[in-house]
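Dropping a structure here in structure tokens format, bear with me for questions.
The numbers here are math on the coordinates, done by the rules we state, and not lab data. What you see is a predicted model, and the numbers here were worked out from it, not measured in a lab. All Cβ positions, glycine included, derive from the backbone under ideal geometry; neighbour counts span all protein chains shown.
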Amino acid sequence: MERRSQRAVLHACEECATDRHMRVVLRTAYVLYVRCARCANLRTEPKPGVRQLGFEG
Ligand SMILES: [Zn+2]
């Protein structure tokens, strides 16, 4: 039984090609700031369930 199902999916680090070291360091309304603890690469991830700045409606 995995207990990770409710966690955000963090894409693998572009430098390390692994998601094992990815840590969410900041959350905003639309994105998560994720830093790799291994190489300190910082990236953003779209927050799950949030429409991407949609101006559609
Ligand atoms: Zn990395």
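Could you work out the Kirkwood radius for the stretch 7-48, taking every pair of different alpha carbons, averaging 1/r and inverting it, reported in Å?
Answer for the stretch 7-48: a Kirkwood hydrodynamic radius of 10.0 Å.
Residues with amide H under 5 Å of MET22's amide H, sequence separation 5 or more or different chain, H placed in the peptide plane at 1.01 Å from N; which?
Those lying under 5 Å, H to H, from MET22 are ALA37.
While we're on this one: Find out how many positive minus negative residues lie around HIS11, taking Lys and Arg as positive, Asp and Glu as negative, among other residues whose Cβ is under 10 Å from that of HIS11.
Surrounding charge for HIS11 is -2.
Moving on. Where Lys and Arg each count +1 and Asp and Glu each count -1, what net charge lies around VAL25 among other residues with Cβ under 12 Å from its Cβ?
Working: positive: ARG23, ARG27, ARG35, ARG43; negative: GLU45.
Surrounding charge for VAL25 is +3.
Note the full-extension length gain between LEU26 and VAL9 as 0.36 nm times their separation in residues minus their Cα-Cα distance, in nm to one decimal.
My answer for the length gained is 4.6 nm.
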